[in-house]
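Read through the structure below, which is laid out as structure tokens, and then see the notes.
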Amino acid sequence: MRKAINYFIIITITISSVFAGEVKGRVKYVGKPPKAKRLRMDADPVCAASHKEAAKAESFIVDANGNLANVIVYLEGVSYSGKAPTKPATLDQAGCVYSPHVVGLQAGQPLKILNSDATMHNIHGLPKVNREFNFGMPKSLKEKTVTFNKAESVFVVKCDVHPWMKSYAQVFDHPYFAVTSTDGSFSIKDVPDGTYKAVAWQEKFNKRTLSQNVTVKDGNATLNFTFERPKKK
Ligand SMILES: [Cu+2]
């Protein structure tokens, strides 16, 4: 009997390695922020009436603590072979401004464009790698979907009816990107272990992106960026 038990030694091997992690952090701005311009919507009474207080430009949203919103943070060189999500990214035209102001999505992922306003918009996307799109959305047309086939760096999406309406989109061939919230925070999940170049883009800084390396190993990695007011030349 004892011999039999010896044969029944159960060896439990627990493999608990973590091969992916979350990259999270915050984007800050140091310096005197530019004053947000008032958006003059008088040309379209429907737009003007949709704001109790005058709408402000969203090109630079920074709070009292220097937290910077609408910054695209992304990783470069992460190998990814998964499919694009079928769940669409959304771009709403609401109160004659775009919501969100900055959108990131994957190539092949649908972008659902909504018109929540009782007025006519003409949405005009200006990608260079992907196909340009340009169509009217009368108040009766509440939804339309576009897709981008290829990854492309950030481009403008604007309205040809309302000149103040402007937003930005970037298309990725992987899911390792995020756009900062109004508290400057972001989170990029399920990043495979490795060291990658991380990039931060903000529209006022445009081509002057920030970059640094981030290493993901056995769990979370912290990544923070600070934009500084450019010195006058
Ligand atoms: Cu419009």
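The values are calculated or read from the model by the stated rules, or taken from the named source; none is laboratory data. Since we're looking at a predicted model, the values are computed, not measured. Cβ coordinates were reconstructed from backbone atoms using ideal geometry, including for glycine residues, and neighbour counts include every protein chain displayed. For accessibility, only protein heavy atoms count, side chains too; no ligands or nucleic acids. Shrake-Rupley method; radii C 1.70, N 1.55, O 1.52, S 1.80 Å.
Here are a few things to note about the model shown:
- Efficiency of FRET between LYS128 and ARG208 - r from beta-carbon atoms, R0 30 angstrom, step 0.05: 0.95
- Under the simplified labelling scheme, the ALA94-ALA49 pair shows an inter-label distance of 2.0 nm, with each label point 7 Å from Cα along Cα→Cβ.
- Here the peptides 208-214, 147-153 are ranked by packing, the mean other Cβ count within 10 Å, and the order with the highest first is 147-153, 208-214.
- Computed from backbone phi, the HN-Hα couplings of region 211-218 come to 8, 6, 8, 10, 10, 9, 8, 6 Hz, rounded to whole numbers (Karplus: 6.51 cos²θ - 1.76 cosθ + 1.60, θ = phi - 60°; Gly and Pro given as x).
- 5 angstrom amide H check on LEU39, placed H, neighbours 5+ away: ALA55, LYS56, ALA57
- Backbone phi angles across region 58-68, fed through the Karplus curve with coefficients 6.51, -1.76 and 1.60 (θ = phi - 60°), yield HN-Hα couplings of 9, 6, 8, 9, 10, 8, 5, 9, x, 6, 10 Hz in residue order; Gly and Pro are listed as x.
- Backbone phi angles across region 114-128, fed through the Karplus curve with coefficients 6.51, -1.76 and 1.60 (θ = phi - 60°), yield HN-Hα couplings of 10, 10, 8, 9, 8, 8, 8, 10, 10, 8, 9, x, 10, x, 10 Hz in residue order; Gly and Pro are listed as x.
- Within the accessible area of region 18-228, the carbon and sulfur atoms contribute 50%, probe 1.4 Å, all protein chains present.
- Virtual spin-label span in nm between ASP63 and LYS139, 7 Å along Cα→Cβ: 3.6
- In the context of the full set of protein chains, the chain has a per residue accessible area of 59 Å² (1.4 Å probe).
- DSSP-defined antiparallel bridges as percent of all bridges, the chain, nearest 5: 75
- VAL78-LEU114 FRET efficiency (beta carbon distance; Förster radius 22 Å; 0.05 resolution): 0.10
- Residue among SER140, LEU114, ALA43 farthest towards the positive dipole end of region 18-228, charges placed on Cβ: ALA43
- For the chain, adding -39500 (n - 2.57) for each run of n ≥ 4 DSSP H residues and dividing by the number of residues yields -1000 deg cm²/dmol at 222 nm.
- Potential lengthening between LYS87 and THR195 on full extension [0.36 nm per residue; Cα-Cα distance subtracted]: 36.0 nm
- Each Cα pair under 8 Å and six or more residues apart adds its separation to the average, and for region 18-228 the resulting relative contact order is 32 percent.
- Local electrostatic count at GLU203 - Lys and Arg +1, Asp and Glu -1, tallied over other residues with Cβ under 10 Å: +1
- Region 88-166 and region 23-70 have Cα centres lying 19 Å from one another.
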